[in-house]
Ligand SMILES: Nc1nc2c(ncn2[C@@H]2O[C@H](COP(=O)(O)OP(=O)(O)OP(=O)(O)O)[C@@H](O)[C@H]2O)c(=O)[nH]1
Ligand SMILES: [Mg+2]
C-alpha cells in the first residue's frame with residue numbers, strides 16, 4: 001500500500017517532466033484515491049520543494065481524513081446498540097463476528113440479532129459464528145419481519161443488561177428504496193427500547209469508487225456513524241480509505257483484513273498515513 005514512497009521517486013531523483021507528473025497522477029488514480037484528490041496531490045507536490053513533498057502531501061491527506069471519533073461507542077449504564085448495514089456481500093456478517101471477537105477480547109458481553117431474515121443460510125451463518133464465539137444469537141422465522149427480530153433482541157439485550165447488541169442486517173442495494181426504508185424501520189423499532197448508538201456501514205474496499213456512491217446513498221437513508229472497510233487484504237489500492245472519508249466525512253472505525261474472526265483492526269489515521277509512505 002506504500003504508494004507514495006514509490007511514485008515520487010523520479011521527482012526526488014531530479015526528474016520532473018510532464019510525463020513524470022502524469023505518471024504520478026495515474027498511479028494515484030489507480031490507488032483509488034479518486035481523480036479530484038489525485039490532481040490536487042500533484043499540484044501540492046509540484047509546489048513543494050523536492051525534499052518537502054512527503055510532509056506537504058501528508059499534511060493535505062491528514063486534513064482530508066475524518067476528525068470524528070474512531071472508537072466504537074460504549075455506554076456504561078445500558079447496552080450499546082450497533083446496526084451493521086451495507087450492500088450484498090460486502091462482509092457484514094463476517095464483520096459482525098469480528099466485532100464480537102474484538103469486544104469479547106475487551107471483556108464485553110455481546111448479544112447478536114440475525115435481522116437478515118431473507119435467507120435461512122444467512123441466519124445459519126450468524127448462528128455458526130455465535131456458537132464459535134460463544135454468544136447468543138436472537139433469530140426469527142425465515143422471511144419474517146427483520147424489525148421484529150431487532151425488537152425482540154433489543155428487549156432481550158436490555159433485560160439481560162449485556163454490554164453490546166449487534167444487529168446484522170440483510171444486504172441491500174443502495175438503489176432499492178423500499179429496502180433502504182426498511183433500515184429506517186428497523187432503527188425506529190430498536191429505538192422504542194434503546195437508543196441506536198452506532199450504524200456501521202460495511203464497504204468492500206475492492207469495489208473502489210463505487211463504495212463512495214454506496215456510502216452516500218446509505219447516508220441519505222440512515223444516519224451512518226462509522227465505516228468498516230473490508231477486504232483490505234485483497235486490495236493494494238489503499239487510497240479508497242482516504243477517498244471515502246474525504247467524500248463522506250464519516251470515520252472508518254475498523255478494517256477487515258481476511259476471512260477469520262481475528263482479521264480485523266481498529267483503523268488508525270496515523271498508521272494509515274505512515275503506511276502510504278513506508
Ligand atoms: N478476504 C476477505 N474476505 C472477507 C472479508 N470480510 C468478508 N470476507 C468474505 O466475503 C464474503 C462475504 O462475506 P459475508 O460476511 O457473508 O458478507 P455479507 O455482507 O454478510 O453478505 P450478505 O449478507 O449476503 O449481504 C465471505 O466469503 C467472507 O469470508 C475480508 O476482510 N477479507
Ligand atoms: Mg450477511
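All of the numbers you see were taken from the coordinates with simple rules; none came from a lab. All values reported here derive from a predicted model rather than from experimental measurement.
Shape verdict for segment 3-64, please, from the Cα gyration tensor: rounded (a/c under 1.5), prolate (a/b greater than b/c) or oblate.
Values: a/c = 1.71, a/b = 1.14, b/c = 1.50.
In terms of gyration-tensor shape, oblate.
Give the separation of the Cα centroids, segment 66-89 to segment 150-224, in Å.
10 Å
Rounded to the nearest 5, what is the percent of antiparallel bridges among the DSSP beta bridges in the chain? Please list the in-between numbers first.
Values: 3 of 29 bridges.
Taking every DSSP beta bridge with both residues in the chain, the antiparallel ones total about 10 percent.
Nearest 10 degrees is fine. How inclined is helix 120-133 to the longest principal axis of the chain, computing both from alpha carbons?
80 degrees
Any idea what angle helix 210-221 forms with the longest principal axis of the chain, computed on alpha-carbon atoms, 0 to 90 degrees, nearest 10?
Relative to the chain, helix 210-221 is tipped by roughly 50 degrees.
What do you get for the angle between helix 92-105 and the principal long axis of the chain? Use alpha-carbon atoms, 0 to 90 degrees, nearest ten.
Computed tilt is about 80 degrees.
How many angstrom lie between the C-alpha centres of segment 255-269 and segment 96-137?
Comparing the Cα centres of segment 255-269 and segment 96-137, I get a distance of 16 Å.
For segment 80-267, just list the percent of Cα-Cα distances falling in each 5 Å bin from zero outward, please.
All Cα pairs considered, the percentages come to 1, 9, 18, 22, 22, 16, 9, 2, 0.
Can you tell me the relative contact order of the chain? Whole percent, Cα pairs under 8 Å, sequence separation 6 or more.
26 percent
How compact is segment 208-252 by the rule of thumb for globular proteins, expressed as Cα Rg over 2.2 N^0.38 Å? Please report the intermediate quantities before stating the final value.
Values: Rg = 10.3 Å, N = 45, 2.2 N^0.38 = 9.3 Å.
Compactness ratio reported: 1.10.
So what is the calculated 222 nm ellipticity per residue for the chain, using -39500 (n - 2.57) for each DSSP H run with n of 4 or more, over all residues, to the nearest 500 deg cm²/dmol?
Numbers: 12 runs with 136 residues, N = 278.
Calculated mean residue ellipticity at 222 nm is -15000 deg cm²/dmol.
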